[in-house]
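Presented below is the structure to which this report refers.
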Amino acid sequence: MRPAISLRHLSLPAVMAGFVAVLVGYTSSAAIIFQAAAAAGATPLQIGSWLSMLGLGMGITSLGLSLYYRTPILTAWSTPGAALLVTSLPGTSINEAIGVFIFASGLILLCGVTGLFARLMDYIPQAISAAMLAGILLRFGLDAFASLQVNFVLSAAMGLVYLVTRRYLARYAIVLTLLAGLAIAALQGNIHLSQQPLAFAMPEFITPHFSWSTLLGIGVPFFVVTMASQNAPGIATLKAAGYHVPTSPLISWTALTALLLAPFGGFSVCIAAITAAICMGPDVHPNPQRRYMAAVAAGVFYLLAGLFGGVIGMLFSALPVALIHTIAGLALLGTIAGSLQRALQDEKQRDAALIAFLITASGVTLLGVGSAFWGIIGGAIAHIILSLPQRPAKSAD
């Protein structure tokens, strides 16, 4: 039975976790979205429209799914899919690009409605899912400390504030660390705000055009990459955090939203993995059943980002990279630790989980598909082989 919705579940740590999740999402990959839209021949106004649709789509789905399931379900665009589009769309008309978005979203919706994707995810052991999540998040933890080379004063001060507040004000550690980082960055003169006024980018309908060459050459790879490198890690992240939500409805609702927004440039809406993990950590709330409010807060920030289209990306880009990397890594420390603990606690699955972790952390890309997918595949293969029955030893005569 789902707990009742209550405003008492909303707290400052939850709001800040939602803000940091959206901040990390936009600052880490908004530039890729710009590149993908430009590769399709989109004008600056159309690019703003695309980002508006993506923000609104992610905001609506994050709010709706999180409130309905009382679970921190965060959605995101497909960053691996966007990276594929950057290299695949040049030479393709914007109308054909819209056709690709509709085609791929339709295939994902089919997977959700038929339950094929859910059945596949049920066969993945929790230890491997947790190991995959830890492998994804490892880079963020490393980047937090690598930022010491970029801006030692900023990153070291944020780390010190985090440790002190983690000891005495654990629930507000990330909040106070972010505020300290913003204050130091401002004193250093490292916050560079754009002079461009905030504006709402009006949605622009683009007539889709379908051709076999683009659907097979771009649409099918885009579908595979989105499912393997975004939705699969997203579902695995939920399970690794202990949230068991029906998979098919999540895939279906996000795919349907993307399908409706595709003619306006909303190329994908998927289940988030990395940013969702920020909303699932113990810093949000000691009670896991109350952490859904962090995703709800993120949904509100997504909606605000959607209202201002591309300008929000410029606002986020005003912050120094070292601040973004440091706050993201510190916010994910608890989730990384919990994922590693769940991955390695079962001795029988430890080797398979370690293989999944290392493959995912390696960042390897094979056949255009990211390391998260291959981490799950490698871990699953190792689990199957290592679980085979042993032959009974022959007794000596």
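Observations on the model:
- Sites listed here are trypsin sites (Lys or Arg not before Pro) in segment 134-195 whose DSSP assignment is loop and whose Cβ has at most 11 other Cβ atoms within 10 Å, and the list is empty.
- Accessible area of Thr79 in the full protein assembly, 1.4 Å probe (Å², nearest 10): 40 Å²
- Between Leu148 and Asn190, the simple label model (points 7 Å from Cα in the Cβ direction) yields a spacing of 1.5 nm.
- In this Cβ point-charge picture (+1 for Lys and Arg, -1 for Asp and Glu), segment 68-209 has a dipole of about 600 debye about its Cα centre.
- With the simple model of a label 7 Å out from the Cα in the direction of the Cβ, His244 to Val321 spans 4.3 nm.
- Highest mean first, the peptides 184-191, 283-290 sorted by other C-beta atoms within 10 Å per residue fall in the order 283-290, 184-191.
- The mean sequence separation of alpha-carbon pairs under 8 Å and at least six residues apart, normalised by the residue count of the chain, gives a relative contact order of 35 percent.
- GNM on the chain, alpha-carbon springs under 10 angstrom: the most fluctuating residue among Ala331, Ala318, Ala42 is Ala318.
- Neighbour count of at most 16 Cβ within 10 Å plus DSSP loop: longest chymotrypsin sites (Phe, Trp or Tyr not before Pro)-free window in the chain: 211-397
- The chain - percent of accessible surface contributed by carbon and sulfur, probe 1.4 Å: 68 percent
- Kirkwood hydrodynamic radius of segment 152-254, from the reciprocal of the average inverse Cα-Cα distance over all distinct pairs: 19.2 Å.
- Potential lengthening of the chain between Tyr68 and Asp346 amounts to 96.8 nm, from the contour at 0.36 nm per residue minus the alpha-carbon distance.
- Point-charge dipole on Cβ atoms (K/R +1, D/E -1) for the chain, about Cα centre, debye to 20: 920 debye
- By the combined test of axial Cα extent (at least 27 Å) and Kyte-Doolittle hydropathy (mean at least 1.6), the qualifying DSSP H helices of the chain come to 12-39, 94-114.
- At 0.692 mPa s and 37 °C, Stokes D of the chain from Kirkwood alpha-carbon radius, µm² per second: 153 µm²/s
The values are calculated or read from the model by the stated rules, or taken from the named source; none is laboratory data. Keep in mind it's a predicted model, so treat the numbers as computed, not measured. Note: ideal-geometry Cβ built from the backbone for every residue, glycine included; neighbour counts use all protein chains shown. When the accessible area is computed, the model is the full protein with side chains, heavy atoms only, and any ligands, DNA or RNA have been set aside. Shrake-Rupley method; radii C 1.70, N 1.55, O 1.52, S 1.80 Å.
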